[in-house]
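Have a look at this one before I ask anything.
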Amino acid sequence: PSALREVFVEVPDVSWEDVGGLETTKERLRETIQWPLAYPNAFERVDLRPAKGVLLHGPPGTGKTLLAKAVANEAQSNFISIKGPELLDKYVGESEKGVREVFAKARENAPTVIFFDEIDAMAGERGEGTGDAGVGERVVSQLLTELDGLEDLENVVVVAATNRPDLIDDALVRPGRLDRHMHVSTPDKEARREIFDVHTREKPLADDVDLADLSERTEGYVGADIEAVCREASTAAVREYVRSTNEGTAADVATIDLTLDHFERALSE
Ligand code: ATP
């Protein structure tokens with residue numbers, strides 16, 4: 001029987017345009033993951049071994065999952081997403097078998113990007129158990145075995161993400177393993193502007209909405225926060241419409257716009 005009830009294989013529908021900011025990281029991911037899959041002969045010609053894995057580190061909600069999906073999409077690869085804590089919690093005693101199955105499934109469906117989210121939960125320093133003493137150790141060993149066993153031509157690559165790179169077992173991030181490390185930072189003003197653009201692309205904005213100004217005012221917000229603000233602004237607009245319907249004064253839905261006032265309310269929540 002399978003240790004993992006189901007390993008979902010998907011082709012993500014996220015593209016680079018859905019990721020605001022992070023230009024350098026996008027470029028590096030493209031070179032590290034997409035190029036070897038698209039131009040294997042060029043890599044072979046210059047005797048350049050493709051990376052087996054990448055470690056994305058940075059605060060929660062900054063777009064690590066989004067980046068992994070976008071690069072898989074651009075590389076026309078399948079995508080398998082596994083959350084570290086789930087692998088440990090759901091399959092107690094079978095976690096390393098789960099790891100084995102993930103890689104087997106990835107090979108079957110290659111080219112595949114395997115995304116391990118919150119990898120620190122399953123690959124913390126060996127010896128620091130998570131209750132079940134030794135389980136972390138076995139999972140790390142299995143991960144090492146799988147990474148070391150990946151052949152260049154198998155077209156399976158690992159993207160791991162963490163907010164706590166300091167907790168990850170050193171052996172996993174050595175050369176030949178997850179050896180490309182990329183920081184995914186909290187967005188600056190320009191990046192926040194781009195993230196606002198992404199999340200309002202399909203929304204009708206009134207003339208009084210100034211996204212540059214909203215970007216100035218959201219210092220410290222990460223992408224997930226900005227997405228939430230845009231969602232809240234939409235909710236405020238619908239709420240207003242429904243109220244006008246109940247009062248019998250509803251206008252055509254085609255006149256509903258997101259106004260500055262809706263964004264103000266979203267920001268104050
Ligand atoms: P965690 O560490 O919590 O897993 P993460 O870094 O993987 O977070 P994501 O899951 O990629 O973050 O982001 C959550 C949501 O926030 C995304 O689905 C997206 O809507 C939005 N978001 C985050 N970063 C960005 C970004 N740079 N551009 C556009 N949207 C973003």
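Determine, yes or no, whether Glu219 is of a type in the set (D, E, K, R), open to solvent by 80 Å² or more (accessible area, probe 1.4 Å), over 30 Å from Thr32 (Cβ atoms) and within 16 Å of the ligand (Cβ to nearest atom).
yes
Check segment 144-151 and report whether any residue there is surrounded by 13 or more Cβ atoms within 10 Å (Cβ to Cβ), polar (S, T, N, Q) and within 24 Å of Gly58 (Cα to Cα).
No, segment 144-151 contains no residue that is surrounded by 13 or more Cβ atoms within 10 Å (Cβ to Cβ), polar (S, T, N, Q) and within 24 Å of Gly58 (Cα to Cα).
Can you say whether Thr112 is within 16 Å of the ligand (Cβ to nearest atom) and either more than 20 Å from Ile168 (Cα to Cα) or open to solvent by 40 Å² or more (accessible area, probe 1.4 Å) (or both), as far as the supplied structure shows?
no
Next up: Consider Val209 against the criteria (1) open to solvent by less than 50 Å² (accessible area, probe 1.4 Å); (2) in a helix (DSSP H, G or I): it satisfies all of them except one. Which criterion is unmet?
All conditions pass for Val209, except number (2).
Are there any helices (runs of 4 or more DSSP H) wholly within segment 1-90 with 3 or more residues that are out of contact with any strand residue (DSSP E or B) (no Cβ under 7 Å at 6 or more places or on another chain), farther than 20 Å from Val222 by Cα and within 16 Å of the ligand (Cβ to nearest atom), and if so which?
The qualifying helices (runs of 4 or more DSSP H) are 84-90.
From the set of residues in segment 20-65 that are open to solvent by 50 Å² or more (accessible area, probe 1.4 Å) and aromatic (Phe, Trp, Tyr), which is farthest from Asp197 (Cα to Cα)?
The qualifying residue farthest from Asp197 (Cα to Cα) is Tyr39.
Identify the single condition in (1) open to solvent by less than 80 Å² (accessible area, probe 1.4 Å); (2) closer than 30 Å to Lys97 by Cα; (3) among the acidic types (Asp, Glu) that Asp13 does not satisfy, given that it satisfies every other one.
For Asp13, the exception is condition (1).
Go through (1) open to solvent by 80 Å² or more (accessible area, probe 1.4 Å); (2) more than 30 Å from Pro50 (Cβ to Cβ); (3) in contact (Cβ under 8 Å) with a residue 24 or more places away in the chain; (4) not hydroxyl-bearing (Ser, Thr, Tyr) one by one and return the number of the condition Asp252 breaks.
That leaves (3) as the condition not met.
Among the residues of segment 10-49, what is the count of those that are under 22 Å from Glu108 (Cβ atoms) and in contact with a Leu (Cβ under 8 Å, 6 or more places away or on another chain)?
1
Can you confirm whether segment 231-250 contains a residue that is within 16 Å of the ligand (Cβ to nearest atom) and under 18 Å from Lys26 (Cβ atoms)?
There is no residue in segment 231-250 that is within 16 Å of the ligand (Cβ to nearest atom) and under 18 Å from Lys26 (Cβ atoms).
The values are calculated or read from the model by the stated rules, or taken from the named source; none is laboratory data. Since we're looking at a predicted model, the values are computed, not measured. All Cβ positions, even for glycine, are placed from backbone atoms using ideal geometry, and neighbour counts span all protein chains on display. For the accessible areas, the whole protein counts, side chains as well, though only heavy atoms, and no ligand, DNA or RNA atoms are used. Shrake-Rupley method; radii C 1.70, N 1.55, O 1.52, S 1.80 Å.
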